[in-house]
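The values are calculated or read from the model by the stated rules, or taken from the named source; none is laboratory data. This one's a predicted model, so the numbers in the text were calculated from it and none came from an experiment. Quick reminder, even Gly has a Cβ in these numbers, built from the backbone with ideal geometry, and neighbours come from all protein chains shown. The protein model used for the area step is the full one, side chains on, heavy atoms only, and it has no ligands, DNA or RNA in it. Shrake-Rupley method; radii C 1.70, N 1.55, O 1.52, S 1.80 Å.
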Amino acid sequence: MQLRIFFSLSFLVLFFQSAFGQDKIAFAARTPVGVTIDGQLNDEAWLLADPISDFLQTDPVFKAQPSQPTEVRILYDNRGIYVGARLFDNASDSILRQLGNRDDHLNSDLFTVQFDTYSNGLDAFIFEVYASGVQRDSRLTDRTFNAVWGSAVAFDAKGWTTEFFIPWSALRFPDSEKQLWKVQIQRNIRRNREQLQWAPEPKGAANKLSYWGQLNGFRNIKPPFRLSISPYTSTHIEHYPYNIQGSSNYSTSISGGADLKYGVSKSFTLDMTLLPDFSTVASDHEVKNLSAFETVYDEKREFFKEGTNLFMKGNLFYTRRIGRRPMYASAVSGKIEKGSTILRNPDRTQLINAAKLSGRTSGNTGIGFFNAITANTYATYEDSLGVEKKFLTEPLANYNIIVIDQGLNYNSSAYLINTNVTRDGGHNNENVTGAGVTYVEKSNTYRVEANGSLSQIYRKAGTEIPGGVDLGYRYALSLAKINGKFQYALSHGGMDAGYNINGLGMSRRNDELTTGARVSYHVFEPFGKFLRAMTFVNIENSLRMSTGKTTGTTMGIRGHLTTRRYKSFWGGIHTDLTERYDYYEPRTSGRYYLAPISSRIGLNFSSDFRKPLALNAEFDYVRNTAKYSEWSFELEPIIRFSDRWSIQHQFEWSDQANSRGYVRKLSNGDIIFGNRDLLTVINTMSTRYIFLNNLSLSFLMRHYWFRAEYDSYFTLNQAGRLEPNATYTQNHDFNFNTFNIDLKFEWEFLPGSNLSIVYKNALNHESSQIIHGFIDNWRNVLDMPNLNSLTLKLLYYIDSQSIISRKTT
């Protein structure tokens, strides 16, 4: 019945379609001589290009006349594209120009050019430069994309100017004689919070690329041979007070490896990394997890961040699976002989190499292949006789992804993806296949999506049922109005009990049916004292697929307001409408906990970030029918002392009373829950000084304190209710602390080449002794043994074109 209603609505909605207006057109001129990239716009070659000057304001008032004129020219030759912009400003001494690192969000004027090289509305290359000279680049589907390209800025009494040189090697485009691209050119005047665009994008449009203009003129492009290699070498020294007789508290290592990029064709690129070193990557923000679900950490390794968007189709790829903490690392002490001493137990699996090949054909077909190999990982221990032995904590594994993504008309697309994990020895292999289609009708107002996936786990010898295959499936359908002031979405999806993609992906739930609806109303143009506003209402119901029991029925209302002085206020209420059957908290198959009805109210504030002092604030209150309550707030002041130096402090505090959750399962099968008070305090402080745009020093310190005090225990009965258990008296109180310092000096001494010096300090400590005072707890933390490390890493970027250019001059 639900599916019939869903498809009937889809059929009715798609009758309402409208046509686009005419595209704006710009032309790129071929230049016989190159341009000196110094920001001055004094090369005669610029006279070959027609100026692009008809910009309009898109924010705060759509299609209003801009406060300042803008003029842009585009040239090209066999090496790449040149972009020159004259950004007039009648108050040039007031132009904001904060310094920062590449890809930062800065308090500075900004100039942007964006290319949809396939004119399909699915992706775009984005190149930006701040008035301070800092570069930003990305792709619409990949915010981590980085390319090696040139830019410069200059200032005079008329305002500021900038020049770009974007080599063809930084782009992907069809293999055809005549190129037909879409382009967007944008300028942000920061002191007015004014955004200007050449091809204005309507506010509220879901796919804004549909409104971009045409860029003509590129013909007979002969891109150069594309090959670059970035070899690295690093030296690492580490200290931890193991204080084991006969062993040093210090360890040192020297390593080397390389990253390689090879342009297989105009459209396809091969990326490889050999023996990568991630010792300079920022530390994870670790937490103590009391929930039934795995902690998800952000990806911070560049190879796994950049250029992986194609492999994310179907949400089947969680990059942190590769090089993860070994699966048996926490089980070592229980698996080795009694009386043994653990000498080393690595917390990361060694990545041997990884490669990805991706691109898009002239027929708008995206193709991707990804492969990574991790080595056997061992814990080393000494038995009671003094003999050194090894225990396998993670087997040799091969990770593989193949994906095909076909672009269709009007920003629609379809994909097919397969992920596979093959492990050495008696460990399970896993395979997942997914497919999906997105249809957007011609007016770019309505969207229909359908996707699904099938998981297969192949059990090997030594498992409970060797030789078998566990199958599972997932599907999802949605219909949405994605344009205009009034928007909505209807969705339905399901997963059976066997669905499991955790070999290479992330699935926290299965055996569930979910149906939801969302309605929102947006005010995009200024009114009264406000610039914009939004209200949002959603309702969702989920059921256990195998039993039909309700696992959640929720409703939420949210709102957002921004004043003309750029102060933002938002918040909302979210509440359960019924009790829910929680099949995860008991940590036992077939058992459930009847979770009480819970409600949350939240309020947020953000000040004007143009000011030297800015502030984000958040407040939340939660209560349920079992007398649980939580008060939490977060304060985040940001201070800019100058264009070079800023400091940011994030303080988070949460106090939970009468929190009830899983404790343990007894040998007789009883499931024990505990009633506890939880306190969380997190302090994160970061500061950075920018000497030059390519030379910086940054510091980050984070202290995480999580405390639990249990006052009573319960037994979970077969009906999902908690019954008091006065006989269970074990102590599960804990006082948990993590502390990290990351100090990083970074120098980009040549484009793409870096010298990094990183100092890290880390500790992780847990005790059953409760400490109530923050100062007392902090003093205790300072007395704990901690891990100190220092890494020096040198990476040198070698581009084949640079070598060829030297030989020909």
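Per residue and in cubic angstrom, what volume does the convex hull of the Cα atoms of the stretch 550-706 have? Numbers along the way, then the final one.
On the way: hull volume 25.8 nm³, N = 157.
That works out to 164 Å³ per residue.
In sequence order, what are the phi-derived ³J(HN,Hα) couplings for the stretch 347-359 according to the Karplus relation 6.51 cos²θ - 1.76 cosθ + 1.60 with θ = phi - 60°, rounded to whole Hz, with x for glycine and proline?
9, 9, 6, 6, 8, 7, 7, 8, 8, 9, 10, 8, x
Count charges around G505 for me, please; just the other residues with Cβ under 14 Å from its Cβ, Lys/Arg as +1, Asp/Glu as -1. Intermediate results must be reported in sequence, preceding the final value.
Working: positive: K313, R320, R321, R324, R474, R508, R509; negative: E294, E299, E430.
Value of the local net charge: +4.
Report, largest value first, the span of the C-alpha coordinates of the chain along each principal axis, in whole Å.
87, 68, 56
How much net charge surrounds S756 when only the other residues with a Cβ under 15 Å from the Cβ of S756 are counted, with Lys and Arg +1 and Asp and Glu -1? It would help to have the intermediate numbers written out before the result.
Numbers: positive: R102, K300, R301, R688, K744, K760, K793; negative: D259, D277, E302, D742, E746, E748.
Overall, the nearby charge balance is +1.
Output the peptides 480-489, 769-778 sorted from most to least packed, where packing is the average of other Cβ atoms within 10 Å over each peptide's residues. Show your work: numbers first, answer last.
Values: 480-489: 16.3, 769-778: 12.3.
Result, highest mean first: 480-489, 769-778.
In units of 2.2 N^0.38 Å, what is the alpha-carbon radius of gyration of the stretch 506-639?
Working: Rg = 19.1 Å, N = 134, 2.2 N^0.38 = 14.1 Å.
So the Cα radius of gyration is 1.35 times the expected 2.2 N^0.38 Å.
Can you pull the percent of the stretch 666-790's accessible area that's carbon plus sulfur, 1.4 Å probe, other chains left in place?
Working: 3370 of 5950 Å².
Carbon with sulfur: 57 percent of the solvent-accessible area.
Could you give me the radius of gyration and the Dmax of the stretch 428-554, taking only the C-alpha atoms into account and expressing both in angstrom?
Rg and Dmax of the stretch 428-554, Cα atoms, are 19.9, 71 Å.
Excluding same-chain residues fewer than 8 positions from K793, which aspartates and glutamates have a Cα within less than 17 Å of its Cα?
Here the aspartates and glutamates satisfying the reach criterion relative to K793 are E238, D259, D277, E302, D742, E746, E748.
Please work out the Cα convex hull volume for the stretch 123-198 and give it in Å³ per residue.
So the per-residue hull volume is 133 Å³.
Classify the stretch 571-632 from the C-alpha gyration tensor, please: rounded if a/c falls under 1.5, else prolate or oblate depending on whether a/b exceeds b/c.
Details: a/c = 3.80, a/b = 2.68, b/c = 1.42.
Verdict is prolate for the stretch 571-632.
Please give the per residue volume of the convex hull enclosing the alpha carbon atoms of the stretch 177-283, rounded to a whole number of Å³.
Numbers: hull volume 25.3 nm³, N = 107.
Each residue corresponds to 237 Å³ of Cα convex hull volume.
Using a 10 Å cut-off on Cβ atoms, rank the peptides 291-304, 142-155 from the highest mean neighbour count down.
On the way: 291-304: 14.5, 142-155: 17.8.
Put in order of decreasing packing, that is 142-155, 291-304.
In whole percent, and with a 1.4 Å probe on the protein chains, what portion of the accessible area of the stretch 373-434 is carbon and sulfur?
Values: 1380 of 2590 Å².
With neighbouring chains kept in place, the figure for the stretch 373-434 is 53 percent.
At a 10 angstrom cut-off on C-beta neighbours, averaged per residue, how do the peptides 604-612, 721-729, 169-177 rank from highest to lowest?
Details: 604-612: 14.9, 721-729: 11.9, 169-177: 17.6.
Ranked from most to least packed, the peptides come out as 169-177, 604-612, 721-729.
Can you list the lysines whose alpha carbon is less than 18 Å from that of K338, not counting same-chain residues fewer than 8 positions off?
Of all the lysines, those that pass the test against K338 - Cα under 18 Å, at least 8 places apart if same chain - are K389, K390.
Write down, largest first, the equivalent ellipsoid semi-axes of the stretch 56-161 in whole Å, where each equals the square root of 5 times an eigenvalue of the alpha-carbon gyration tensor.
Details: eigenvalues 108, 59, 49 Å².
They are 23, 17, 16 Å, listed largest first.
With a sphere of radius 14 Å drawn around the Cβ of N345, what net charge do the other residues whose Cβ falls strictly inside it have (Lys, Arg +1; Asp, Glu -1)? List each step's numbers first, then the result.
Details: positive: R325, K335, R344, R348, K389, K390; negative: D347, E382, E388, E394.
Spelling it out: positives minus negatives among the neighbours equals +2.
For the stretch 609-624, take each phi angle, set θ = phi - 60°, evaluate the Karplus expression 6.51 cos²θ - 1.76 cosθ + 1.60, and give the result in whole Hz per residue in order, putting x for glycine and proline.
7, 6, 6, x, 10, 10, 8, 10, 9, 9, 9, 9, 9, 10, 8, 10
Excluding residues on the same chain fewer than 8 positions from K305, give the lysines whose Cα lies under 16 Å from its Cα.
K261, K313, K356
Whose amide H sits under 5 Å from the amide H of S108, counting only residues 5 or more places off or on another chain, with H placed in the peptide plane?
Those qualifying (amide H under 5 Å, at least 5 residues apart or on another chain) are Q98.
Of K300/K627; K288/K627; K485/K567; K178/K442, which pairs sit farther than 29 Å apart, going by alpha carbon to alpha carbon?
Working: K300/K627 40 Å; K288/K627 24 Å; K485/K567 22 Å; K178/K442 25 Å.
The answer is K300/K627.
Beyond 11 Å, what percent of the Cα pairs of the stretch 495-543 remain?
On the way: 897 of 1176 pairs.
Distances greater than 11 Å cover 76 percent of the Cα pairs.
Would you kindly calculate the mean projected area, averaged across all directions, of the convex hull enclosing the Cα atoms of the stretch 242-308, in square nanometres? Could you put the intermediate results ahead of the total?
Working: hull surface 33.5 nm².
So the Cα hull casts an average projection of 8.4 nm².
Using just the C-alpha positions of the stretch 718-776 as equal point scatterers, what log10 of I(q)/I(0) does the Debye formula give at each q in 0.29 1/Å?
-1.16
Could you provide, to the nearest whole Å², the per residue accessible area of the chain with probe 1.4 Å? All intermediate terms of the calculation are to be shown ahead of the outcome.
Working: 38330 Å² over 809 residues.
Normalised by residue count, the accessible surface of the chain is 47 Å².
Given a 1.4 angstrom probe, I'd like the percentage of the accessible area of the stretch 147-292 that is carbon and sulfur, rounded to a whole number.
Working: 3420 of 6360 Å².
That fraction is 54 percent.
Over the Cα atoms of the stretch 657-809, what radius of gyration and what Dmax do you get, in Å?
Answer for the stretch 657-809, Rg first and Dmax second: 25.6, 87 Å.
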